[in-house]
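Undergrad: The structure under discussion is supplied below as structure tokens; questions concerning it will follow.
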Amino acid sequence: MQDDAAQKQTLLGADELVLNMGPQHPSTHGVLRVKLKLDGERVRGTECVIGYLHRGVEKIAENRTYQQFAPYVDRMDYVAAVSNGLGYCEAVEKLLNVEAPPRAKVIRTIMTELQRIASHLVWLGTHALDIGALTPLFYCMREREEILKIFEKYCGARLTTHAFRIGGLQYEAYDSFEKDVERFCKDFERRIQEYVDLLTGNSIWIGRTRNVGVLNAADCIALGASGPILRASGVKWDLRKAQPYAAYDQYKFEIPVGTNGDTYDRYMVRMEEMRQSRLICLQAIENIPAGPILGKVGKVLKPPAGEIYHSIEAPKGILGYYIVSDGTTQPYRVHIRPPSFVNLQALDKMARGHLVADVVAIIGTLDIVLGEVDR
Amino acid sequence: MSPTLHAVIAFLQTWWVELVSGVVIVAVVPLITGYMVLMERKLMADMQARLGPMRVGPHGLLQPIADAVKLLIKEDIIPDDADKMVFWLAPVVSMTAALTAMAGIAFGPAFEVARDINVGLLFIVGVSSLGLFGIVLGGWASNSHYSIMGALRSTAQLVSYETAAGLALVSGLLMAGTLNIRAIVDAQYSSGVWFGFLTPVAFFIYAVASIAETNRAPFDLPEAESELVAGYMTEYSGFRWACYFLGEYANMIVVGAVATTLFLGGWLRPFPRVHWLNWLDAVPALFTAAVGVYCALRAGKQPVRVQVWFMWAVALACFAVALILAVPLAVAPLKFMVPGLNGAFWFLLKITGYIYLFMWLRFTLPRYRFDQLMHLGWYILIPLAIVNVLAVGVAMILEMEYGWNRWLALIVTTILTLATALFLLRLNDKRAAAATSAVPPEGPATEDSYAG
């Protein structure tokens with residue numbers, strides 16, 4: 001009897017069609033596999049299969065010293081490696097009870113905000129590509145290139161930067177650092193207008209994103225969604241304001257929030273976040289304090305036994321590090337709360353009742369990086 | 001002269017145009033298709049702040065050849081569970097339909113395979129629609145979920161938009177009063193104005209519907225890369241895939257040719273009856289010569305000697321074409337060739353412009369969702385096309401029975417049609433707002449997108 005009822009649910013009494021999306025698929029942003037239960041093109045349920053990119057980062061941490069583990073965190077969210085590094089360094093600093101010098105803090109803030117812009121640019125380009133707009137991707141990559149050039153000049157690497165060290169910075173900012181950042185920020189205001197021209201008022205774009213993947217504030221909190229997804233639902237929660245870290249308490253910036261919690265709102269929130277990040281960078285380069293760049297940390301790090309949880313506002317949401325120390329040079333346990341992994345839970349809730357094409361838009365708007373989901 | 005030679009000449013006089021056109025269609029269209037792809041990639045690169053293909057030949061000019069060779073020698077994969085016969089047949093059907101449709105097209109007053117068939121336009125539209133079978137069969141035979149979904153989308157989309165396109169064509173045909181390609185262009189010559197200006201609404205509807213018919217962005221849902229991987233072509237590779245590809249691009253030429261013939265004056269030059277603009281007849285020769293000069297100037301700047309030679313070869317080819325176009329203008333006994341050659345030039349130029357529009361839209365716009373696509377087709381384009389057919393009919397009666405000025409009548413009817421369009425759009429917005437708020441997250445489907 002129950003089977004009959006289930007059959008009637010679908011059109012023409014036909015069985016549900018199970019469509020495997022991924023792990024090789026152009027728009028699952030890596031190796032995500034989604035099992036879609038379909039009635040025609042309407043999604044009746046989704047099931048995420050993850051783990052294709054699992055490298056056991058947390059286990060690796062237990063066999064590395066604190067400094068040795070730092071480059072590994074860059075490989076989690078590889079489009080926002082600087083933010084990952086910041087979270088890890090600050091967590092270990094908290095465990096060691098040392099503080100980075102003011103100069104290091106400001107440079108960290110600039111780098112992290114540039115990384116936020118770069119991460120959002122990758123999101124915007126791929127999201128637009130998923131919805132079928134080909135051109136924004138290349139414009140976004142053009143701007144991201146400028147940011148990566150700054151990273152390259154600063155620390156020699158572009159993607160997995162390992163830009164910071166526990167206790168401060170390894171490298172002094174190069175000579176024309178401020179000038180480069182300023183030139184980028186000045187340029188970026190004009191460039192961001194190009195994306196707005198291409199997408200914001202476009203009726204196809206609005207039709208594809210408005211009322212798609214709606215997630216209200218209560219759902220967001222229940223599912224643990226954070227970052228732009230939470231803010232697009234109208235919750236004004238940003239750790240840069242709520243629990244200021246690095247040098248964020250020194251700068252003025254707004255936290256953009258949305259109202260409907262749909263894909264279009266998330267798009268608007270992220271666009272505004274890029275503008276705000278640009279403003280933070282401009283404020284920060286005005287006045288970079290002089291002084292040392294590395295705090296008082298020894299060559300061998302032996303934090304006292306204990307545990308610590310530190311979280312930062314990464315581009316994709318709240319990135320948390322839980323570190324347990326047993327007093328040796330290696331952490332006893334490291335647990336990472338990656339924003340992508342937690343946000344991905346919302347996929348089923350958001351995709352149900354929509355069409356296949358919307359699933360693609362929703363995966364795009366969740367802004368997941370599989371390196372971080374699987375770790 | 002011997003009677004045999006006479007017979008041969010007589011035979012050639014009757015058949016040479018058809019022969020040349022046929023050979024061009026079968027042998028050269030694949031090449032043209034390759035270069036359309038190159039043009040598309042280059043234009044896309046230009047709009048996206050990058051260079052596009054640059055490696056094979058100067059500025060990637062030999063890229064299509066390299067692509068074709070690659071596709072030909074690629075391993076031919078047929079999935080185990082596929083219906084092998086149908087899998088083999090489907091791309092052939094698709095390509096054959098597109099190439100056969102070209103037989104009906106007149107590339108200028110002199111070049112047409114099926115000369116003077118009475119149902120010319122109907123033949124083109126009908127035969128090119130047969131390509132749909134290739135898509136459906138291919139999607140079904142692949143035995144893959146993505147393929148079948150792409151094929152289903154394609155069927156629904158093509159059937160819907162074929163209707164809109166057909167009704168838009170009817171508006172134009174009402175004015176021409178015939179289906180014969182040559183007579184349609186002659187009618188535009190005698191009316192002195194292209195039908196596209198007399199029925200802008202019909203032209204617009206046809207332009208939109210023809211984009212959908214050829215599966216181009218923003219209506220490229222059957223092969224939406226980011227959703228269905230490659231739609232009905234997912235399981236195809238190598239030469240079979242190339243057949244589909246060829247059919248698709250050949251179809252673009254076909255719809256471009258239909259739009260040009262019916263709405264853009266066919267092979268007529270701009271303002272064909274304004275005599276002080278007769279110097280426009282020299283434009284084809286001058287234009288090709290200018291392209292040749294440009295290539296010659298660029299030749300010196302090529303980095304590799306092969307590229308320099310290639311550029312010179314292109315320049316010389318352009319000069320040769322320019323000469324062929326220019327000689328009949330200057331030499332009185334050859335004057336009879338002018339309309340044919342110039343007609344072909346203008347016709348191809350108009351098709352190129354039309355296809356450029358397609359490409360431009362593809363680079364600019366995001367993709368429609370399936371239900372939105374169906375709404376646009378059934379709730380806006382088709383009603384609009386019907387109203388427009390009626391309005392054009394009324395205008396014809398006003399002109400013939402009551403002696404209204406043609407332009408006056410058409411301005412009135414166009415305004416009427418546009419008002420209907422606005423009304424439909426508002427209605428659609430209201431419905432869309434109601435529909436989105438009514439869909440509960442887990443509720444049953446409120447409408448069936450495939451119902452159309």
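Undergrad: Between 0 and 90 degrees, rounded to the nearest ten: what's the tilt of helix A:177-195 against the longest Cα principal axis of chain A?
TA: Approximately 20 degrees, to the nearest 10.
Undergrad: Enter the mean number of other protein chain beta carbons within 10 Å of the beta carbon of each residue in B:355-367, as an integer.
TA: Mean inter-chain Cβ contacts per residue within 10 Å come to 4.
Undergrad: Based on the mean of other Cβ atoms within 10 Å per residue, sort peptides A:259-271, A:100-112 so the most packed one is first.
TA: Working: A:259-271: 22.5, A:100-112: 24.2.
Those peptides, ordered most packed to least, come out A:100-112, A:259-271.
Undergrad: Let me ask something else. In this model, which of A:LYS35/A:LYS316; A:LYS105/A:LYS316; A:LYS153/A:LYS302 are farther than 26 Å apart at the alpha-carbon?
TA: Listed pairs above 26 Å: A:LYS153/A:LYS302.
Undergrad: From other protein chains only, count the Cβ atoms within 10 Å of every residue's Cβ in A:211-221, then give the mean.
TA: 1
Undergrad: While we're on this one: Count, for each residue of A:350-363, the Cβ atoms from other chains sitting within 10 Å of its Cβ, then give me the mean as a whole number.
TA: 4
Undergrad: Below 12 Å, Cα to Cα, which aspartates and glutamates can A:LYS236 reach? Residues fewer than 8 away in the same chain don't count.
TA: A:GLU254
Undergrad: Sticking with this one: Sorted from fewest to most neighbouring beta carbons within 10 Å, what does the list B:GLU248, A:GLU90 look like?
TA: Starting with the residue having the fewest Cβ neighbours, the order is B:GLU248, A:GLU90.
Undergrad: While we're on this one: Enumerate the aspartates and glutamates that A:LYS94 could reach by cross-link, defined here as Cα to Cα under 18 Å, with residues fewer than 8 away along the same chain left out.
TA: Cross-link targets: A:ASP249, A:GLU307, A:GLU313, A:ASP326.
Undergrad: Quick check on the protein assembly as shown: helices-only [θ] at 222 nm, where DSSP H runs of length 4 and up contribute -39,500 (n - 2.57) each and the sum goes over total residues. Nearest 500, please.
TA: -19500 deg cm²/dmol
Undergrad: On to the next question. What shape does the protein assembly as shown take by its C-alpha gyration tensor, where a ≥ b ≥ c are the square roots of the eigenvalues and a/c under 1.5 counts as rounded, a/b above b/c as prolate, and the rest as oblate?
TA: Numbers: a/c = 2.21, a/b = 1.79, b/c = 1.23.
Prolate shape, in that a/c is at least 1.5 and a/b is the bigger ratio.
Undergrad: If we count other beta carbons within 10 Å of each Cβ, what is the order of A:SER311, B:SER191, A:SER325, fewest first?
TA: B:SER191, A:SER311, A:SER325
Undergrad: Can you list the lysines whose alpha carbon is less than 20 Å from that of B:LYS84, not counting same-chain residues fewer than 8 positions off?
TA: By straight Cα distance, B:LYS84 reaches B:LYS74.
Values quoted throughout were computed directly from the atomic coordinates according to the rules given, and no laboratory measurement underlies them. Being a predicted model, the structure only gives us computed values, none of them experimental. All Cβ positions, glycine included, derive from the backbone under ideal geometry; neighbour counts span all protein chains shown.
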